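Before any comments, here is the structure.
The values are calculated or read from the model by the stated rules, or taken from the named source; none is laboratory data. Source: prediction; values computed, not measured. Cβ placement follows ideal geometry from the backbone for every residue including glycine, while neighbour counts extend to all protein chains displayed. Side chains included, ligands, DNA and RNA excluded: accessible areas come from the protein's heavy atoms. Shrake-Rupley method; radii C 1.70, N 1.55, O 1.52, S 1.80 Å.
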Amino acid sequence: MRTVTLYRFRLPMEAGVILRYQRLKTRDGFLVHLQENGQQGWGEIAPLPEFSKETVEQAGEAAVAWLKQWHLGAEPDESELPSVAFGLSCALAELQGKLPEDADYRKAPLCNGDPDELIVRLSNMSGQKVAKVKVGLYEAVRDGMVVNVLLEAVPDLSLRLDANRSWSRAKADSFAKYVNPDYRHRIAFLEEPCQTPEESLAFARDTGIAIAWDESVRDEGFNVEAQAGVAAIVIKPTLIGSLARCRQLISAARNAGLEAVISSSIETSFGLTQLARIAHWLTPATIPGLDTLELIQSQLVRCWPGSTVPVTGLDELEIAWCS
């Protein structure tokens with residue numbers, strides 16, 4: 001016999017979390033709980049405003065429609081909404097014992113502003129030092145200077161940069177101008193520096209700074225292929241879709257000689273712990289990009305190891321649908 005419970009959550013964000021065009025005040029979504037023959041599985045469905053093509057309301061409606069079919073014994077097709085497809089596929093994988101428990105809790109620390117704060121964090125890190133810097137939020141020249149300072153201050157640092165297609169080619173070039181050519185090889189990749197893939201490829205060719213595909217991975221018709229100057233693809237499952245789709249992309253990246261990086265879309269601690277398990281399972285040699293836990297003021301049900309952020313329990317959540 002199959003039983004289903006769909007919980008809705010709304011967790012307050014830390015002040016100052018700004019997406020493309022809006023300040024994100026709460027992180028909203030659903031936890032889905034499947035039970036069958038004494039087994040259970042969980043998943044998080046949390047579309048990200050400004051980035052997901054679906055709203056939370058649309059995701060909830062699609063999840064309920066899928067769950068009603070599953071509850072009656074059917075094996076419904078994957079949802080066309082990425083966040084729904086991902087959350088439900090995680091719940092099914094847990095239910096069927098296919099999602100390993102071992103997790104990769106390493107994080108590439110994220111720098112949103114003060115480079116001195118990141119340098120202190122990195123000095124306390126052991127092993128491989130990988131960090132991520134959001135660029136494109138300020139002047140390109142400032143971003144170039146910050147990146148140069150970090151690479152100069154921490155000689156064994158490898159940086160991942162994310163521009164979210166925010167620069168014109170001229171601005172991208174002004175960024176590169178302020179990064180010492182001797183340091184550029186320690187930029188593991190710069191995600192989508194320019195407004196078009198063609199400009200980004202030309203930027204990589206002309207500057208020697210490797211790029212990665214992020215938004216492009218979610219574009220219709222995207223194919224993973226070896227291209228000069230491209231080092232990686234970034235996989236954000238909440239924005240991409242089911243575990244099967246993520247595995248397909250990872251396999252294609254491996255065949256093309258590219259690194260595949262599992263990255264967060266500001267999921268809750270619940271979703272982040274599942275992403276850590278997926279990263280350990282599918283990309284064990286690569287540090288995932290999961291340093292977004294402290295952007296939300298509360299953890300959710302499952303906690304990130306060692307975190308002191310308060311926890312919202314299951315009994316505090318609204319039941320959106322059950323059967």
Give the residue that is farthest from Phe51 (Cα to Cα), with candidates limited to residues of the stretch 212-242 that are open to solvent by less than 10 Å² (accessible area, probe 1.4 Å) and among the small types (Gly, Ala, Ser).
Ala232
If only one of Asp162, Asp143 is under 19 Å from the mean Cα position of the chain (by Cα), modelled with pLDDT under 95 and either of a type in the set (Ser, Thr, Tyr) or open to solvent by less than 20 Å² (accessible area, probe 1.4 Å) (or both), which one is it?
Asp162
Given (1) basic (Lys, Arg); (2) in contact with an Asp or Glu (Cβ under 6 Å, 6 or more places away or on another chain); (3) in a helix (DSSP H, G or I), index of the condition Arg165 fails:
(3)
If I filter the stretch 231-252 for residues that are farther than 30 Å from Gly97 by Cβ and either β-branched (Val, Ile, Thr) or touching a residue at least 24 places away in the same chain (Cβ under 8 Å) (or both), do I get at least one hit?
yes
Pairs with Cβ under 6 Å, 6+ apart, first in the stretch 56-76 and touching a residue at least 12 places away in the same chain (Cβ under 8 Å), second part of a loop (DSSP other than H, G, I, E, B) and open to solvent by 20 Å² or more (accessible area, probe 1.4 Å)
Ala59/Leu81; Ala62/Ser79; Ala62/Leu81; Trp66/Pro76; Trp66/Ser79; Trp70/Pro76; His71/Ser323
If you go through the stretch 120-140 one residue at a time, how many are assigned to a helix (DSSP H, G or I) and at pLDDT 85 or above?
1
Of the numbered conditions (1) closer than 24 Å to Val309 by Cβ; (2) polar (S, T, N, Q); (3) open to solvent by 20 Å² or more (accessible area, probe 1.4 Å), Ser83 fails exactly one; give the number of that condition.
(3)
I need the full set of residues from the stretch 287-323 which are modelled with pLDDT under 95 and among the charged types (D, E, K, R), in order please.
Asp291, Glu294
For a quick check of your reading of the model, give me the residue pairs whose first member lies in the stretch 187-211 and is within 14 Å of Val147 (Cβ to Cβ) and open to solvent by 10 Å² or more (accessible area, probe 1.4 Å), whose second is of a type in the set (S, T, N, Q) and not in a helix (DSSP H, G or I), with beta-carbon atoms closer than 6 Å and at least 6 apart or on different chains.
Ala188/Ser158
